[in-house]
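Undergrad: Sharing a structure, written as C-alpha cells. Questions coming.
The values are calculated or read from the model by the stated rules, or taken from the named source; none is laboratory data. Computed from a prediction, not measured in an experiment: that's the story for all the values here. Note that we place each Cβ from the backbone using ideal geometry, even for glycine, and neighbour counts take in every protein chain shown. For the accessible areas, the whole protein counts, side chains as well, though only heavy atoms, and no ligand, DNA or RNA atoms are used. Shrake-Rupley method; radii C 1.70, N 1.55, O 1.52, S 1.80 Å.
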Amino acid sequence: MRVHHLNCGSLCPLGGRLFGDAGPIEGEDGLILVDSGLGVDDVSDSSRLGLFFRGATRPRLEIAETALRQIADLGLRVSDVRHIVPTHLDPDHAGGLADFPDASVHVFAPELHAALKPSLRDRFRYRAAQLKGVAAWAPIEEAGEAWFGFRSVRALPGTRDDVLLIPLPGHSRGHCGVAVASDGGWLLHCGDAYFHHAEVAGGAAPAGLAWFESLVAFDNKARLANQQRLKELKRDFGREVRLVCSHDPAELTASQGFESPAEIVVLSQRRASLK
C-alpha cells in the first residue's frame with residue numbers, strides 16, 4: 001500500500017503543539033480513511049468542539065488542514081472515500097466524519113456505544129454535533145484473532161484481512177489501533193495509545209505531555225499497560241511492525257516516505273511537541 005500521512009488538525013496544548021494526521025487507503029473498493037481529523041464544519045464553527053476541548057488543546061482551525069481538502073489536493077476523488085476506520089471518536093479524530101457522507105464508519109462497538117450514549121464522565125470528550133452527521137455506522141464487535149500477541153478483528157466487511165482493529169483501551173473506553181498490511185510489513189497506527197515516540201522506545205515523554213496524557217485518559221492504568229505492550233511489540237517485532245501514533249512530529253516527518261505501490265492509506269495523526 002502507498003501510505004499518505006496528513007496533518008489534519010494542529011493543536012497547541014500547554015503552550016506546545018499537537019498536529020493531527022489522517023490517512024486514506026486506495027483499494028479496489030475505493031479509499032479507506034484511518035481517522036478523519038478536524039472537519040470543515042469544525043473550522044467554520046469551533047463551538048462544535050466544546051469548551052473543554054478548545055481550552056485544553058487550543059486548535060488552529062484551517063480548512064487547508066482538513067482531510068477533505070488534503071485528499072482533493074492529492075489528486076484523489078473525495079467521493080471515493082468508501083470506508084473510515086477511526087481509532088476512537090474524540091473531537092480531533094471524528095470531526096471530519098461528516099465530510100464524507102457516502103462512507104461507512106467502521107468503529108469498535110464499545111467506543112461507539114460510549115460516544116452515542118455517554119456516561120457523565122464521558123460527556124466532555126464526545127461531541128454530538130460531530131457524530132450526528134454520520135449516516136452509516138458500522139460497529140465492529142470484538143473477535144479473538146491473534147496478531148503479534150494482541151487481539152484483533154477485521155475492520156472491513158468480507159474476507160479482507162489487511163486492515164485490522166487492535167483493541168487498545170485506556171485513552172478512551174473503546175480506543176483501538178489500526179493495523180494495515182503492506183509489502184514492507186505491518187503499519188500499526190496506535191492512535192492516542194502514546195503521544196511521544198520515546199514512550200515505546202524505552203524512554204519517557206516530556207513531563208508536561210505525560211501529564212496531559214494522564215489527564216485525558218479514560219482509564220490511565222489500562223493506557224499505561226497497553227503502552228507497555230506496545231513497547232514490547234516494538235522491541236520484539238520492530239522489523240515486522242512499524243508503529244506510529246497520532247501526536248508525534250518526529251514520527252509524522254519520518255512517515256512521509258513510507259509507501260508501496262498497491263494501495264493508498266491516509267492515516268489521521270496529530271503530532272505533539274511541548275518544547
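Residues are listed down the side, and each one gets a yes or a no for (1) out of contact with any Gly (no Cβ under 6 Å at 6 or more places or on another chain); (2) part of a helix (DSSP H, G or I); (3) modelled with pLDDT of 95 or more:
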{"site": "225", "(1), (2), (3)": "yes, yes, yes"}
{"site": "232", "(1), (2), (3)": "yes, yes, yes"}
{"site": "250", "(1), (2), (3)": "yes, yes, no"}
{"site": "253", "(1), (2), (3)": "yes, yes, no"}
{"site": "266", "(1), (2), (3)": "no, no, no"}
{"site": "269", "(1), (2), (3)": "yes, no, no"}
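Undergrad: Return the pair list, or none, for Cβ contacts closer than 6 Å from residues in the stretch 105-121 that are crowded, with 19+ Cβ neighbours inside 10 Å and charged (D, E, K, R) to residues that are assigned to a loop (DSSP other than H, G, I, E, B) and at pLDDT 95 or above, at least 6 apart or on different chains.
TA: Listed by first residue and then by second, the contacts come to 111/88; 111/89; 111/174.
Undergrad: Looking at the stretch 68-85 only, could you name the residues that are open to solvent by 60 Å² or more (accessible area, probe 1.4 Å) and either in contact with a helix residue (DSSP H, G or I) (Cβ under 6 Å, 6 or more places away or on another chain) or in a strand (DSSP E or B) (or both)? Outline the logic, then answer.
TA: Initially, the stretch 68-85 is screened for residues open to solvent by 60 Å² or more (accessible area, probe 1.4 Å), giving 69, 73-75, 77, 79, 82.
Result: 69, 82.
Undergrad: When residues of the stretch 150-179 are filtered for being open to solvent by less than 20 Å² (accessible area, probe 1.4 Å) and not in a strand (DSSP E or B), how many remain? Break it down stepwise before answering.
TA: As a first pass, look at the stretch 150-179 and keep what is open to solvent by less than 20 Å² (accessible area, probe 1.4 Å): 150, 152-153, 155-156, 163-168, 170-172, 174-179.
Those still in the list that are not in a strand (DSSP E or B) too: 155-156, 168, 170-172, 174-175.
Going through the stretch 150-179 one residue at a time, the tally reaches 8.
Undergrad: Here is a follow-up. Being touching a helix residue (DSSP H, G or I) at 6+ places or on another chain (Cβ under 7 Å), outside any loop (DSSP other than H, G, I, E, B) and either touching a residue at least 40 places away in the same chain (Cβ under 8 Å) or not aromatic (Phe, Trp, Tyr) (or both) is the filter here; which residues of the stretch 122-149 pass it?
TA: 129, 130, 131, 139, 140, listed by residue number.
Undergrad: Return yes or no: is residue 214 closer than 17 Å to residue 246 by Cβ, small (Gly, Ala, Ser), touching a residue at least 24 places away in the same chain (Cβ under 8 Å) and open to solvent by less than 60 Å² (accessible area, probe 1.4 Å)?
TA: On the way: closer than 17 Å to residue 246 by Cβ: yes; small (Gly, Ala, Ser): yes; touching a residue at least 24 places away in the same chain (Cβ under 8 Å): no; open to solvent by less than 60 Å² (accessible area, probe 1.4 Å): yes.
Considered against the rule, which asks whether it is closer than 17 Å to residue 246 by Cβ, small (Gly, Ala, Ser), touching a residue at least 24 places away in the same chain (Cβ under 8 Å) and open to solvent by less than 60 Å² (accessible area, probe 1.4 Å), residue 214 comes out as no.
Undergrad: Let me ask something else about it. Keeping to the stretch 244-254, report how many residues are of a type in the set (Val, Ile, Thr) and within 13 Å of residue 187 (Cα to Cα).
TA: Count: 1.
Undergrad: Something else: Only one residue in 11, 97, 38 is open to solvent by less than 10 Å² (accessible area, probe 1.4 Å), at pLDDT 90 or above and within 21 Å of residue 195 (Cα to Cα), so which one is that? Write out each step before concluding.
TA: Values: 11 fails: at pLDDT 90 or above; 97 fails: within 21 Å of residue 195 (Cα to Cα).
The match here is 38.
Undergrad: Does residue 230 meet the test of being open to solvent by less than 50 Å² (accessible area, probe 1.4 Å) and touching a strand residue (DSSP E or B) at 6+ places or on another chain (Cβ under 6 Å)?
TA: no
Undergrad: Consider only pairs whose beta carbons are under 6 Å apart and that are at least six residues apart or on different chains; among these, list those whose first residue lies in the stretch 222-243 and is over 14 Å from residue 188 (Cα atoms) and whose second residue is open to solvent by less than 70 Å² (accessible area, probe 1.4 Å).
TA: From the stretch 222-243, the pairs are 222/169; 222/170; 223/170; 223/171; 223/217.
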